[in-house]
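First comes the structure, then the notes that go with it.
The values are calculated or read from the model by the stated rules, or taken from the named source; none is laboratory data. On a predicted model such as this, the values are computed, not experimentally measured, just so you know. Every residue, glycine as well, gets a Cβ built from its backbone with ideal geometry; the counts of neighbours run over all protein chains shown.
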Amino acid sequence: MSEVGESAARALLRRLAVEQAESRVPSLSAAVVRDGRMVWYGGRGQVDGGAPTPETQYRLGSITKSMVAVVVMRLRDEGALSLLDPVGKHLQGTPFGEATIAQLLSHTAGLTAEPPTAWWERTPGVPAEELIGLLGPETSRHRQGRMFHYSNLGYAMLGEIVARHRGTDWLQALQSEVLAPLGMDDTTPRPRAPHATGYAVHPWADVLLREPEHDAQAMAPAGQLWSTPADLARWAAFVGGDTGEVLHPDTLAEMREPAIVEDGDAWSGGYGLGLQLLRAGGRRLAGHTGSMPGFLATVWADPAERLGVLFMANTTSGVRGTLLTDLLAIMAEHEPRLPEEWRPVHADADLLALTGLWHWGPTPYTLRVLPDRGLSLTPVRGTGRASRFVPQEDGTWLGLDGYYTGETLRVAADHLDLNTFIFTREPYDPQAPVPGGVGEWSA
């Protein structure tokens, strides 16, 4: 299926075909999502003697984590827990009870990456109580909050927290609260037909080895789920902002905020609350990668352009990480998004009187009116502390982003008071309350 132009469709399919052939992938599916809908799908290789389709299942691997995180955030929004709560408040008996829920979500709790069991991805799992009983002092490998350290174990614990709050297992909570409302009925804990078989491809010969698949039990929230390109396209739309009734858009935006940088000074990759983050080609993407024995998958969404991309493959390794960013680049080249049409909006006279030039000390700022009585305050020279503000019932404005996020803007007769910072019409107005009484400008 394709709702993109012929040249874009051909370029997308060629990039997919090159990846499948050069990386020796038994089968490879990819899709593009635009404005909440899958507009292009491509499949290469073979599944049971035929080409894969949007309804062919593959394992999601760690994309499962993002879905579990949504249930945790729903619990937060309901008031059942706080992101600052220590784990021990909700899950007794662990040796890392002082780590917070937010740290588990962002992989900053300092926990070991893997559970103290046999290789969990390739052996049958154990129940949660048994897993918790195996945890000891060595479970913590780093000081809490110090650094990013990916932890599959941490998400097993989050799944158990969900289960205890909902009085059911994590999967039933996820299915009823997230998957079913989003129409993701083909996302399941075990495979259903038609599904791809997971393979390892021999490094030096074009032969395959079938990989194992089982119920990971306590570790399942870290990577159990199977899904289809069609369902994963719906998830890409969700991550991009089409949340339906599942999550408030502000909560999803919070999940997409960087909680930790994953790759140091480069800052091309990071992690939010259950979502991986990537900066590539001038875009800020949110989503997640996934791998389990015999399978790879990745989904990225660009909320700014309401564009998403994904791939699913039945190989243990080999798909290049540039595949999806290349698909995004193809879309940008062949079908760039048009800007929204400018349209005038109503603005009350009292707000129009505030517009124009203001000064923070000697630094000039421009104040503009936004829709719904919002305001923006931006440095004239383009560098500095820019923020948008939304009106409050008490006549003040609340900072929406930037340095002044959450801070209060008050409007007086002759100045603006932004969390004690005074903005005046003239640089260092001597009549302003702070600093007030400054001297004359001189050469």
For region 138-154, what are the residues that are in contact with a helix residue (DSSP H, G or I) (Cβ under 8 Å, 6 or more places away or on another chain) and over 18 Å from residue 270 (Cα atoms)? 139, 153
Look at region 239-258 and say how many of its residues are surrounded by fewer than 20 Cβ atoms within 10 Å (Cβ to Cβ) and closer than 14 Å to residue 66 by Cβ. 4
Which one is nearest to residue 213 (Cα to Cα) among residues in region 165-192 that are charged (D, E, K, R) and touching a helix residue (DSSP H, G or I) at 6+ places or on another chain (Cβ under 7 Å)? 186
Among the residues in region 120-142, are any closer than 30 Å to residue 229 by Cβ, out of contact with any Leu (no Cβ under 8 Å at 6 or more places or on another chain) and polar (S, T, N, Q)? yes
Does region 55-65 include one or more residues that are among the small types (Gly, Ala, Ser), part of a loop (DSSP other than H, G, I, E, B) and in contact with a strand residue (DSSP E or B) (Cβ under 7 Å, 6 or more places away or on another chain)? yes
Kindly check whether there is at least one residue in region 272-281 that is crowded, with 16+ Cβ neighbours inside 10 Å, more than 19 Å from residue 83 (Cβ to Cβ) and modelled with pLDDT of 95 or more. yes
